[in-house]
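This report concerns only the one structure given below.
The values are calculated or read from the model by the stated rules, or taken from the named source; none is laboratory data. This structure is a prediction, so every number in the text was calculated from the model and none was measured. Heads up, the Cβs are rebuilt from the backbone with ideal geometry, glycines too, and the neighbour counts pull from every protein chain shown. Areas reflect the complete protein model, heavy atoms only, side chains present, ligands, DNA and RNA absent. Shrake-Rupley method; radii C 1.70, N 1.55, O 1.52, S 1.80 Å.
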Amino acid sequence: MPPDLRRLGAIAFMSEDREALATWLAEPGWPKGSMDITTLDGYLTAFVVWPIALPPGAWLPTIWNGSGWRVPATIHSSVVYQKFITLIVGYLQEMDRGLSAASPIYKPTLCVDTRVAGHAARPEVGWAMGFQKALALGATGVAWRSPAVMQAVRSIARFLSAPRRTATSLLDPGAVLTQAVLVLASERTSRGPLGALPARRKGN
């Protein structure tokens, strides 16, 4: 069954966990079109900074390129499945902790090249693809977003216009994505799968 994220509680997520997840996703046996760690990073980031309110059964299958709730053989056993879900939710929570800090922190994971339409593409393109996949599932509230937010979304989308192995920007792609995400986070109205934003204390 799809997991109930409310029952998982707070999950510690270290750099070692990200590396383990990256290695796991790169192993053979995943369905064709499954996400690598860079695409997954963009995908999960979108859920944390954009109001995409979907149950886990609706957004988790996209990670392994599935449709409907059907868990792939790679994570079919209950123990392995629980480990995978814990890593994914821990990843989301760690992003949220950084973006919820008094001085928000965010750094995209850009460590894996990907392929777009059969061609090798740079990591930032894979990241942008993941981000776009999430928005396609629930890009609600576009009409009332601020010009700054819409510009941030456009700056991310520009990476998709030059997917082959060529420079997509004179600027550092990581810096461009970081700035865009921080702008989006500054106006977010929820934390997607993690629920409502915590109430601010008076005086903050």
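Quick one: in the stretch 28-58, of everything that is of a type in the set (A, V, I, L, M) and over 13 Å from the mean Cα position of the chain (by Cα), which residue is nearest to ILE105 (Cα to Cα)?
If we filter the stretch 28-58 for residues that are of a type in the set (A, V, I, L, M), which is where we start, we get 35, 37, 40, 44, 46, 48-49, 52-54, 58.
After this cut, where a residue has to be over 13 Å from the mean Cα position of the chain (by Cα) as well, the list is 53-54, 58.
Numbers: ALA53: 23, LEU54: 25, ALA58: 28 Å.
Among residues in the stretch 28-58 that are of a type in the set (A, V, I, L, M) and over 13 Å from the mean Cα position of the chain (by Cα), the one nearest to ILE105 (Cα to Cα) is ALA53.
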- Being at pLDDT below 90, of a type in the set (Val, Ile, Thr) and more than 15 Å from the chain's Cα centre (by Cα), is that true of even one residue in the stretch 139-150? yes
- Here are some conditions: (1) of a type in the set (Val, Ile, Thr); (2) in a loop (DSSP other than H, G, I, E, B); (3) in contact (Cβ under 8 Å) with a residue 40 or more places away in the chain. ILE105 meets all but one. Which one does it not meet? (3)
- Item | Of all residues in the stretch 85-102 being without any contact (Cβ under 8 Å) to a residue 40 or more places away in the chain and either in a helix (DSSP H, G or I) or in contact with a strand residue (DSSP E or B) (Cβ under 6 Å, 6 or more places away or on another chain) (or both), the one that is least open to solvent (accessible area, probe 1.4 Å) | GLY98
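If you go through the stretch 52-81 one residue at a time, how many are in contact (Cβ under 8 Å) with a residue 24 or more places away in the chain and surrounded by 18 or more Cβ atoms within 10 Å (Cβ to Cβ)?
If we filter the stretch 52-81 for residues that are in contact (Cβ under 8 Å) with a residue 24 or more places away in the chain, which is where we start, we get 52-60, 62-66, 69, 72-74.
Subset that is surrounded by 18 or more Cβ atoms within 10 Å (Cβ to Cβ): 52, 59-60, 62-64, 74.
Number satisfying all stated conditions: 7.
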- Only residues in the stretch 1-26 that are surrounded by 10 or more Cβ atoms within 10 Å (Cβ to Cβ) and modelled with pLDDT of 85 or more count as the first member; pair them with residues that are charged (D, E, K, R) and in a helix (DSSP H, G or I), Cβ under 6 angstrom, at least 6 apart or cross-chain, and list the lot. PHE13/GLU94
